[in-house]
Amino acid sequence: MKNLDNSTHYLIRKENKVCIIELLEKIKPLKRGRGNPAGNKRKYLDSITAFDIETSVIKECEEAFCYLWQLSIDNKIVIIGRTIQSFYDNMKIASTYLNEQGLTWVIYVHNLAYEIQFLMGVYDFEPEDLFIIKSRKVIKAIMFGCIEFRCSLALSNMSLDNYLKARNVKHLKQTGKIDYDKFRTPSTFLTISELRYAVYDVVGLVEAIKNELSIERDNLYTIPITVTGYLRREIKRELKVSGREEVISSIPPLEVFKIAREAFAGGNTHANRYYAGKKLEKELAIKSADESSAYPYIICTGLFPKGDWCKVDSPTFKDFIHKKEMGKAILARVVFKNIRIKEPTPNAAISVSKCLKIAKNDNFLEDNGRILKSDMIVISITDIDFEVIADCYIWDDIVVLELFFSAYGKQPQSIINVILRLFEQKTTLKGLSGFDFLLYNKSKEKINSAYGLEAQNPMKDEIKFINGDYEIVPVPDEEYEKRANKGLPYTWGVWVTAQSRKALHEGLKKAGDKAVYWDTDSIKYWGEVDFTEINEERKNKSMQTGLYAKDRKGVTHYGGVFEEENNGKPYKEFKTLGAKKYVYRDDVGLNVTISGVVKSKGGLELEKHGGIDSFEEGFTFTEAGGTDII
């Protein structure tokens, strides 16, 4: 045994021939408590276990292999091995004991979707063994019928580094403590630093899961599988008391759901085409303003489709306007003829990807995936979307192909109450330590998952692992009613994002041509932009709803208001190449936000190659993620 630090965590090498059964025999079965899911018939070991692998990549063929694996059992013992085959051998031995005793062993893995690819090389998983939420994203897997791998990334929606920090563990990830470019094999001698780096990953994860369980007094039976499961559980409890009548009566019929799927869009993320690719500094120094709790603000203060949906036969644009003037919630499939943007409007609000049909002839023009002009587009929209489109575009004619409408109303007060409670917790606990720090992070994570919960698609395609490959299995229409009645109305999720895009658009109108870049709930702009009028209106709505709270310093915070980042101090330099592609320099250094590039490394790598001036299409980040900009 080798002591890696001054704690009680030990490393036991593979050649010690540890008998895994002897270790498991010392662990008692977990007692079922109150509130445990009745449908779960498994009998779990009372153990928090974490598994991880370290890999090297053969760059010539872009293939990776495992050179080390580590398994921490309750942080009382850590076992390591050098090949994935040796891990399989240990699990096979463990399974003989577990199956004989009728027990299941839960093992947490951070980003199971990655590790499962290596486990598939030594174990043939059946389709029913894997719980997959989208292609190649496995979040739960059963091995030998008795070893249950769970994904802590799905549980936290955070990198391991951030998750361990958020759960206030003792053994944080040893980021930057080893040479990531060094090629290692199962026979490579590993230094104490390299072993410590690997072992801390599983030791820290065990600590994090234990703290996770303590926050809400969960156990392995009751803890959710995904981060949205926590909020779903709270809302389910509230609705059990208040009743689900408002929810059930607002679930759209299948015909409306299908057009709602077409109309659904996420946050508005785009760069002003007049500034894209240019380095902005000095007189065009860029500031940033963020909307506080943007989605919770919409859920608590916004109006949503309530009750039955009605269809208009042979609809016209006059019908659309009439229903809108009556204050109805509208879903429509429409044709815009000769549509073009109002120059110099920066917000090209219509995404090419959301159009059902587009006339891509000589008159067609787009800007980084956004419509600037087209002879014809077919698109499904809400009445909220129409307001934003009318602000940004002009057209010759509109043809309404289908038109549905419903009454408007508030979401159930029981749902709003959950959001209000979480907002207050998040505000009052911020900056505290100890258990309050854990509660703060948990309340923040729950409130951030509110939108995701409301926008869950009940007819999402199932992914099955069949014959060694991931196959998409569409859900038949006959399943819709049963599935839809289990959750919240999908149309509420559609309206959350539609109203949020409109709320951002209001800020963009204030910024005008000063807006340089925007993303869902934030705007980056040059010069001075006065958000006072918008903020006062949103403060009033927040106060009427109860979405406000004082922090520990006595400062009152409201939902939906624009708050300037860094007290309005501008960046020294800023440059964007489009959505999710921008860099800026502040007092700390160069910061990079690019999908697929590690933030902590991206700025340092770009700095080595000339800084912001080198941030051009074609630049490839190799150290920070290997992602090409274009």
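The values are calculated or read from the model by the stated rules, or taken from the named source; none is laboratory data. Keep in mind it's a predicted model, so treat the numbers as computed, not measured. A quick note on method: Cβ atoms are made from the backbone with ideal geometry, for glycine too, and the neighbour counts reach across all protein chains shown. Just so you know, the surface numbers come from the protein's heavy atoms only, side chains and all, with ligands and any DNA or RNA stripped out. Shrake-Rupley method; radii C 1.70, N 1.55, O 1.52, S 1.80 Å.
Our estimate of slack between S214 and F189, defined as 0.36 nm per intervening residue step minus the Cα-Cα distance, is 5.1 nm.
Considering every pair of different Cα atoms, what Kirkwood radius, in Å, is found for the chain? Write out the running numbers ahead of the final one.
On the way: mean 1/r = 0.0368 Å⁻¹.
Result for the chain stands at 27.2 Å.
Summed over qualifying helices (DSSP H, 4 residues or more, each -39500 (n - 2.57)) and divided by its residue number, the chain shows a 222 nm mean residue ellipticity of -10500 deg cm²/dmol. Rounded if a/c is under 1.5, else prolate if a/b is larger than b/c, else oblate: which is the range 127-192, with a ≥ b ≥ c the root eigenvalues of its Cα gyration tensor? Oblate, because a/c is 1.5 or more while a/b does not exceed b/c.
In the assembled protein chains, M326 presents an accessible area of approximately 100 Å² (probe radius 1.4 Å).
With a ≥ b ≥ c the root eigenvalues of the C-alpha gyration tensor of the range 177-309, is it rounded (a/c under 1.5), prolate (a/b larger than b/c) or oblate?
Working: a/c = 2.50, a/b = 1.29, b/c = 1.94.
Oblate.
Other residues whose C-beta falls under 15 angstrom from the C-beta of S353 contribute a net charge of +3, scoring Lys and Arg +1 and Asp and Glu -1.
Between I466 and E565, what FRET efficiency follows from the Cβ-Cβ distance if R0 is 45 Å, with the result rounded to 0.05?
The computed FRET efficiency comes out at 0.40.
Find how much the distance from N338 to L432 grows on full extension, using 0.36 nm per residue of separation minus their present alpha carbon separation; answer in nm with one decimal. The partial results should precede the final answer.
Numbers: separation 94, 0.36 × 94 = 33.84 nm, distance 5.64 nm.
Between N338 and L432, full extension yields 28.2 nm more.
Local charge sum around P305 (other residues, Cβ-Cβ under 11 Å, Lys/Arg +1, Asp/Glu -1)? Walk me through the numbers on the way to the answer.
Values: positive: K306, K328; negative: D308, D383.
Taking every other residue near P305 into account, the sum is 0.
The string of couplings for the range 413-430 from the Karplus curve (6.51, -1.76, 1.60, θ = phi - 60°) is 4, 5, 6, 4, 4, 5, 5, 4, 5, 5, 4, 5, 4, 4, 6, 6, 8, 4 Hz, one whole number per residue in order, with x for Gly and Pro.
Over the chain, accessible surface divided per residue gives 46 Å², non-protein components excluded, 1.4 Å probe.
Out of the total accessible area of the range 191-308 (probe 1.4 Å, heavy atoms of protein only), what percent is carbon and sulfur? Intermediate results must be reported in sequence, preceding the final value.
Details: 2390 of 4520 Å².
Roughly 53 percent of what the probe reaches on the range 191-308 is carbon or sulfur.
Helix 383-392 sits at what angle to the longest principal axis of the chain, using alpha carbons and giving 0 to 90 degrees rounded to 10? Value to nearest ten degrees: 70.
Accessible area ranking (1.4 Å probe, heavy atoms, ligands and nucleic acids excluded), largest first, for S249, S600: S600, S249. Scalar couplings 3J(HN,Hα) for the range 453-467, obtained by applying the Karplus form with A = 6.51, B = -1.76, C = 1.60 to θ = phi - 60°, are 5, 6, 9, 6, 7, x, 10, 4, 3, 7, 10, 10, 8, 10, 6 Hz; x denotes Gly and Pro. Working note: Karplus 6.51/-1.76/1.60 with θ = phi - 60° gives the range 514-531 the couplings 7, 5, 10, 7, 8, 8, 6, 9, 9, 10, 10, 8, 10, x, 10, 10, 9, 9 Hz, where Gly and Pro are set to x.
Kindly identify the range 421-575 as rounded, prolate or oblate by the Cα gyration tensor criterion: order the square roots of the eigenvalues as a ≥ b ≥ c, call it rounded if a/c is under 1.5, otherwise compare a/b with b/c, prolate if a/b is larger, else oblate. All intermediate terms of the calculation are to be shown ahead of the outcome.
Numbers: a/c = 1.97, a/b = 1.56, b/c = 1.26.
Taking the square roots of the gyration eigenvalues as a ≥ b ≥ c, the range 421-575 is prolate.
Going 7 Å from the Cα of R42 in the Cα-to-Cβ direction, what parts of the range 64-83 have a backbone nitrogen less than 11 Å from that spot? None, by backbone N distance to the label point.
Summing charges over neighbours of L164, with a neighbour being any other residue whose Cβ is under 13 Å away from its Cβ, gives 0 when K and R count +1 and D and E count -1. Helix 532-545 axis versus longest C-alpha principal axis of the chain: approximately 70°, rounded to the nearest ten. Taking every alpha-carbon pair under 8 Å whose residues sit at least 6 apart, the chain reaches a relative contact order of 15 percent.
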